[in-house]
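Report on the following structure.
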Amino acid sequence: MKKIISAVLTGLTILTSFNAKAEENNMTEKKALVVYFSRTGEQYSVGNITEGNTAVIAKMIAEQTGADLFEIKLKNDTYPTAYKALTEVALKEKKANARPEIIGGVENFADYDVVFIGSPNWWADMPMALYTFMESHDWNGKTVVPFVTHEGSGLSSIPSKIKSVTGAEVLDGLAIYGHIAQNEREQAKVDVKNWLEKLKF
Ligand SMILES: Cc1cc2nc3c(=O)[nH]c(=O)nc-3n(C[C@H](O)[C@H](O)[C@H](O)COP(=O)(O)O)c2cc1C
């Protein structure tokens, strides 16, 4: 009898700690923000677009999680709309480790537990304006979730760059082709949904 009671108690303890763990990992209760940078104009493989590839994914994440949205915009937006010219400007800025000025910031940033950071892959890195944003906010205690649109390079080392600038906990990122985000929206939605589910959102 004693053995049975002890086995039942052990079982209950295991179940309780399992539930506590599941609860702890449940991200749906957390207050989330989606911050992103994205370009319209001529873009690789998709031609002239009126909504950027990363913007498309950012909005899907916000819709699926109920997160707020913040778009990083340049104070002085002199970037060319032609793709090739933009790649040249971007490379110069990367080499100069530039910090282009951005418009405003997230005033109630402290209210958020989770911050999704969305970026196009530019030269295996983020546009420098993302560094301006990251360096002007306090990441203490935040969980960061990267997502990247690209045309072949995937996430590159963007998650580890985010980690080293913010010092925050960084969850598994999503890499999605820009042309899929732009032209195959139903597929993109499924990819976003599967990724969010894996992360328990
Ligand atoms: C300046 C620049 C550099 C890029 N460098 C890369 C790259 O190194 N690897 C890659 O896979 N795609 C690269 N791309 C393609 C973009 O990552 C891709 O088109 C992305 O979806 C654009 O996102 P957006 O529409 O949100 O700006 C580059 C695009 C630009 C404009």
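The values are calculated or read from the model by the stated rules, or taken from the named source; none is laboratory data. Since we're looking at a predicted model, the values are computed, not measured. With ideal geometry, Cβ positions are generated from the backbone for all residues, glycine too; neighbour counts draw on all protein chains shown.
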* So Phe147 fits all but one of (1) more than 8 Å from the ligand (Cβ to nearest atom); (2) in contact with a strand residue (DSSP E or B) (Cβ under 6 Å, 6 or more places away or on another chain); (3) not in a strand (DSSP E or B); what number is the exception? -> (3)
* **Checking Thr166 against (1) within 14 Å of the ligand (Cβ to nearest atom); (2) surrounded by fewer than 20 Cβ atoms within 10 Å (Cβ to Cβ); (3) not charged (D, E, K, R), the condition it does not meet** => (1)
* Using beta carbons and a limit of 6 Å, which pairs, at least six apart or on different chains, have the first residue in segment 53-80 and under 21 Å from Asn183 (Cβ atoms) and in the same structural domain as Gly41 (by TED's automatic domain parsing) and the second one more than 14 Å from the ligand (Cβ to nearest atom) and of a type in the set (D, E, K, R)? -> Met60/Lys189
* Structure fact -> All conditions in (1) within 14 Å of the chain's Cα centre (by Cα); (2) touching a residue at least 24 places away in the same chain (Cβ under 8 Å); (3) over 19 Å from Gln64 (Cβ atoms) are true of Gly167 except (1)
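Table: residues versus (1) surrounded by 13 or more Cβ atoms within 10 Å (Cβ to Cβ); (2) among the polar types (S, T, N, Q); (3) in contact (Cβ under 8 Å) with a residue 12 or more places away in the chain; (4) not assigned by TED's automatic domain parsing to the domain that holds Glu63.
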position: Ile102; (1), (2), (3), (4): yes, no, yes, no
position: Phe109; (1), (2), (3), (4): yes, no, yes, no
position: Gly118; (1), (2), (3), (4): yes, no, yes, no
position: Ala129; (1), (2), (3), (4): yes, no, yes, no
position: His137; (1), (2), (3), (4): yes, no, yes, no
position: Tyr177; (1), (2), (3), (4): yes, no, yes, no
position: Ile180; (1), (2), (3), (4): yes, no, no, no
position: Gln187; (1), (2), (3), (4): yes, yes, no, no
* Structure fact -> Considering residues that are within 15 Å of the ligand (Cβ to nearest atom) and assigned to a loop (DSSP other than H, G, I, E, B), the number found within segment 86-136 is 8
* Answer with yes or no whether Val192 is at pLDDT 95 or above and either more than 14 Å from the ligand (Cβ to nearest atom) or in contact with a Pro (Cβ under 6 Å, 6 or more places away or on another chain) (or both). => yes
* Structure fact -> How many residues of segment 33-47 are touching a residue at least 12 places away in the same chain (Cβ under 8 Å) and not in a loop (DSSP other than H, G, I, E, B)? The answer is 7
* Check whether at least one residue in segment 29-37 is touching a helix residue (DSSP H, G or I) at 6+ places or on another chain (Cβ under 7 Å), of a type outside the set (Ser, Thr, Tyr) and within 11 Å of the ligand (Cβ to nearest atom), and report yes or no. => yes
* Hits in segment 169-189 (condition: over 14 Å from Gly118 (Cα atoms) and either within 10 Å of the ligand (Cβ to nearest atom) or touching a His at 6+ places or on another chain (Cβ under 8 Å) (or both)) -> His179, Ile180, Gln182
